[in-house]
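Trainee: The structure under discussion is supplied below as structure tokens; questions concerning it will follow.
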Amino acid sequence: MLVTVLIIGMGEELWSRFIPKYLELLGASAWIIAFYGTLKDILDALYQYPGGWLTDKLGRRIALLIFIWLAIFGYILYLISQNWLFVIIGTLFVMSWSSLTLPAIFAIIGDNLPKSRRVIGFSMQSILKRIPIVLAPPLGGAIIAVACSQLGEQKGFVTGIRLCLVITIILSLISMIIVRRYYIEKPVSVTDSFRFSDIWRKMDTQLKRLLVSDILARWAEGIPKVFIVLYLMNILNVDTFTFGWLTSIQMLTAILIYIPIAKLADVTERKPFVLLTFIFFSLFPLMVVTADEFAPLTIGLTVAFIIAGFREIGEPARKALIVDLAQPDARARAVGVYYLLRGIIVFPASLVGGWLWTIKPEYPFYLAFIIGTLGVTVYAFSGPGGKSKH
């Protein structure tokens, strides 16, 4: 599972952060780009429970193979797109990998690790997920930049994205071979009788409180998310390669803090680390929009993306909390319900960001900071996160 996360991640991260610009060059308006972000958010929500149900019903291995096939079909639609509509349709399938598989990944970690080792387990998964984000965006940005220098900005950008998509399809096929040949299914006791309503009714109250704070933090992330690349490139005149290495700085920061923080979170209370995560979620958009006010632009953006990396400081602890508090005999579905509810409530964030963007590009970032601060306050006073027990 971890190797598959690494390989497909290397492919997707070559181009995924440049898709808003790709859409713009294919004729999409700001509202279409906002709709793209909203579509990703709502699919990320709606796919969670079906992903969990299929994972519990078919087994982890078969579910992973199905999800990879669906994603490959989406990559092909992106590849052959002649206008923004193909990208929108392709997103329905591309999101299969990042969203349908999430309950499976959580369930695999929960199945194989005790509570006292789950934060470190999620840290390893997060590191392998983010290594591609360190390496691939600068590589993807360089491929696009070379294509632009040879073919012109618009044609070169589109050609560069398509070259990256071809690489992604090849890597995804390799990952399918690895899963088919090397993944060994571990027998797990699963209760088939649990329905969606049953899982929600039996959900731990502490998990519901975590969900409320998590929703506010994801609103802070979602409002400016699809407009970050446009803000940097269109407003601050940052090129694709610079955007790529800023993303690498963000992910490298996250990777460096994962293991030491995870070891602490597994033997101490998890709440302080989750709280720090929510604090950095609120600070990042503010730092982006004020990047050139208190320091040279390059330094300001570097600091902003380091803070974005610090958003991961409590993510393994938060994920471990979800697994700890989920019903063991319906673990994948419980994770699916959590993320389904979070996603349904968060998905309008990009539309709000799009509306604010049309008024003034800075507004989405300021509103994100305000909502993120509210999430920090809620979790500080009511959020769970006690010491892990074996």
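The values are calculated or read from the model by the stated rules, or taken from the named source; none is laboratory data. Please read all numbers here as calculations on a predicted model, not as lab measurements. Please note: Cβ atoms are built from the backbone with ideal geometry, for glycine as well, and neighbour counts cover all protein chains shown. Only protein heavy atoms, including side chains, enter the accessible area calculation; ligands, DNA and RNA are left aside. Shrake-Rupley method; radii C 1.70, N 1.55, O 1.52, S 1.80 Å.
Trainee: Name the single residue, out of those in region 333-353 being over 20 Å from LYS319 (Cα atoms) and surrounded by 24 or more Cβ atoms within 10 Å (Cβ to Cβ), that is modelled with the lowest pLDDT.
Mentor: Taking the candidates together, the pick is SER350.
Trainee: Inspect all residues belonging to region 360-371 and state whether any of them is open to solvent by 10 Å² or more (accessible area, probe 1.4 Å) and β-branched (Val, Ile, Thr).
Mentor: Yes, because at least one residue in region 360-371 is open to solvent by 10 Å² or more (accessible area, probe 1.4 Å) and β-branched (Val, Ile, Thr).
Trainee: Can you pull out the helices (runs of 4 or more DSSP H) entirely within region 229-322 that have at least 3 residues that are of a type in the set (A, V, I, L, M), open to solvent by less than 10 Å² (accessible area, probe 1.4 Å) and farther than 20 Å from TRP357 by Cβ?
Mentor: 240-267
Trainee: Being of a type in the set (Asp, Glu), out of contact with any Ser or Thr (no Cβ under 7 Å at 6 or more places or on another chain) and over 19 Å from ILE322 (Cβ atoms) is the requirement here; does GLU221 meet it?
Mentor: no
Trainee: On to the next question. Which one of these is free of Cβ contacts under 8 Å to residues at least 60 places away in the same chain and part of a helix (DSSP H, G or I): THR373, THR377, THR358?
Mentor: THR377
Trainee: Among the residues of region 201-228 satisfying the criterion of being open to solvent by 50 Å² or more (accessible area, probe 1.4 Å) and among the β-branched types (Val, Ile, Thr), which is nearest to LEU356 (Cα to Cα)?
Mentor: Here the residue is VAL212.
Trainee: So, in region 205-244, of the ones that are touching a residue at least 12 places away in the same chain (Cβ under 8 Å) and among the charged types (D, E, K, R), which residue ends up farthest from VAL134 (Cα to Cα)?
Mentor: ARG209
Trainee: Out of (1) without any contact (Cβ under 8 Å) to a residue 40 or more places away in the chain; (2) touching a Leu at 6+ places or on another chain (Cβ under 6 Å), what's the single condition that is false for GLY314?
Mentor: So GLY314 meets the others, but not (1).
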